[in-house]
Structure formats: C-alpha cells, structure tokens
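The values are calculated or read from the model by the stated rules, or taken from the named source; none is laboratory data. Model, not experiment: these values are computed from the prediction. Virtual Cβ from ideal backbone geometry, glycine too; neighbours counted across all protein chains shown. The accessibility values were calculated without ligands, DNA or RNA, using every heavy atom of the protein model including side chains. Shrake-Rupley method; radii C 1.70, N 1.55, O 1.52, S 1.80 Å.
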Amino acid sequence: MPNQKFMRMAVKKALAGMKKGGGPFGACIVNEEGRVVACEGNSVVKGHSPVRHAEINAIEKACRKRKNHLLKNCTIYSTTEPCPMCFGAIHWAGIGKIVYGTEIKDAKKAGLRELCISAERMKRMGKSRVKIMGGFLKEEAKTIFEEWRRLKGRVNY
C-alpha cells in the first residue's frame, strides 16, 4: 500500500512552489527502504523551460544524488498523472511504480495545456513494466488546482 506521507509531501511541494512562481505540480521519489530521494515542484515558467515538470526535476535530482541514471526499485508519487514526457522519463529511469493523485483531465480543467494520453495507455503502447496506481489521495491533490485557480498572476501553460 502506498504511503500517504509521500503524496502529502508532493502536494506540499506543489503548493509551496506555486507561491514562488512554479506550476501546480509536485513529485516525490522514494527508494526501496522508504526514504525520500528527491521531492520537487514544477518550475516551467520560473525556469523558462517547458521541460521543468515536477517529475523531471525530481528524477534529475534523484539521479544526481545516486550518481546513476537508473532509479530501480523506486516509487514516484506525483500529484497528477504523468504527461507523456514525464512517463517516458519515468520508464527510462527504471522507476518501478507510479502513484498519482489527479488525472490529466483535471489539469486540463484547471486551464493547463495537457496532452490527454493516459499513463495506462502509454504503458500499454510502450510495453512498459512500470506499475501504475491512480487516484491516490485524489481529493487532497485536487486542492492544488483549487489554489491554482485562485492564484493571482498565474501563467497557464
């Protein structure tokens, strides 16, 4: 059973990052011993880069810490279902499991330009072995989009 603590850390990272100019997403990578390797938010607008998604930021930080491009036996907790770019990075990093809260369609409803391709579909099409658990603490993760809608000066991308 996934640990609520890690998803809540990702939610907190997303909420804190939004106040500093980041987007409404967070991701935590946890190793096989249940230790957080990296927990990052989205920095697309702040970092002037379309690839600065929370999952990518967390994967890069975790790989640097481990001094390895593979994150085998790790789980990534993502506040929202990973987009195609992030799913690809998760697959190529060898992460064993994705646990996410809201769905891509929830991000789209919040005004973000999402590609509506589900993680399950990407898994099937790419024959990936990553395990996927969606809807974990979904209502808590949805609060991020509620805050995002209220945020003055937000940049929908």
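Under a Gaussian network description of the chain, with springs only between Cα atoms under 10 Å, the residue in 105, 13, 97 that fluctuates furthest is 105. Estimated from helical segments only, the mean residue ellipticity of the chain at 222 nm is -12500 deg cm²/dmol, where each DSSP H run of four or more residues counts as -39500 (n - 2.57). Here the chain has an Rg and Dmax of 14.1, 42 Å, counting Cα atoms alone.
At a 4.7 angstrom Cβ threshold, list every cysteine in the chain that has nobody to pair with, or say none. Taking the Cβ cut-off of 4.7 Å, the unpaired cysteines of the chain are 63, 74, 83, 86, 116. Here the accessible area is traced with a 1.4 Å probe on the protein chains. For segment 50-157, carbon and sulfur cover 53 percent of it.
The phi-based Karplus calculation (6.51 cos²θ - 1.76 cosθ + 1.60; θ = phi - 60°) puts the 3J(HN,Hα) values of segment 102-109 at 7, 9, 3, 5, 5, 5, 5, 4 Hz, whole numbers, x for Gly and Pro.
Computed from the C-beta positions of residue 33 and residue 149 and an R0 of 41 Å, the FRET efficiency is 0.60 to the nearest 0.05. Report the gain in length on full extension from residue 133 to residue 20: 0.36 nm times residue separation, minus Cα-Cα distance, nm rounded to one decimal. This chain segment gains 37.7 nm when fully extended. The convex hull of the Cα atoms of segment 68-157, projected and averaged over all directions, covers 6.2 nm².
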